[in-house]
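Read the figures in this text as sums done on the coordinates, not as results from a lab. Since the structure is predicted, the reported quantities are computational estimates derived from the model, not experimental observations. Cβ placement follows ideal geometry from the backbone for every residue including glycine, while neighbour counts extend to all protein chains displayed.
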Amino acid sequence: MRPSPSSPPIPSSWNTCCRCPAGWIASAHWEEHGFGLWVAELPGEASFIGVVGLEMVSFQAHFTSAVEVAWRLARPCWGKGYATEAAQAALDYGFAQLGLDEIVALTVPANWRSRRVMERLGMTRAPEDDLDHPKLPDGPLKRHVLYRLRNPHPSLPYSRGRVRERVP
């Protein structure tokens, strides 16, 4: 991966699965929070396969303020392990570099592919945490399942419970 000179840091473990082109997306989220989504590509194969990374959950709920691991990949890239590998790198970055205590993931109940990725990442679901997404209208996409993953190394000297402030 070769970020542009002004780009935020990229987890080195992403070298095996995707690389980030010079352009970045969601720069306002990066500027406000110090993290966000990376553009994912397959070097030598595809210049853009989707986005993967960390985002603040953008609505109020019983589990917020929270950071979500998120991925959106092009359909031809499904089922090849790219989402799992890149999401794992994002989780590693969130815990080791940002010092997060917990990272969540959300999807609709019928999205079994994403739910399997969440489970492969070691995330767990408690049905009582499921919710109706407050930004979506009534319909089949309103209900969401919530998966969580606690920092596996809470004894390390991270900033407890919050993202560490960016140092200028």
Packing-ranked peptide list from 57-63, 78-84, 100-106, 113-119, highest mean Cβ count within 10 angstrom first, is 100-106, 113-119, 78-84, 57-63
Long-range amide H partners of Ile49 with built H, under 5 Å:
Ala40, Glu41, Leu42
For His153 and Arg125, FRET efficiency with R0 = 22 Å and r from the beta-carbon atoms, rounded to 0.05?
0.50
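Once you order the gyration tensor axes a ≥ b ≥ c over the Cα atoms, which shape class does the range 12-150 get: rounded for a/c under 1.5, otherwise prolate or oblate by comparing a/b with b/c? Can you show the working numbers first?
Working: a/c = 1.60, a/b = 1.37, b/c = 1.17.
Verdict is prolate for the range 12-150.
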Neighbours of Phe63 by Cβ distance under 13 Å: Lys/Arg at +1, Asp/Glu at -1, summed charge -3
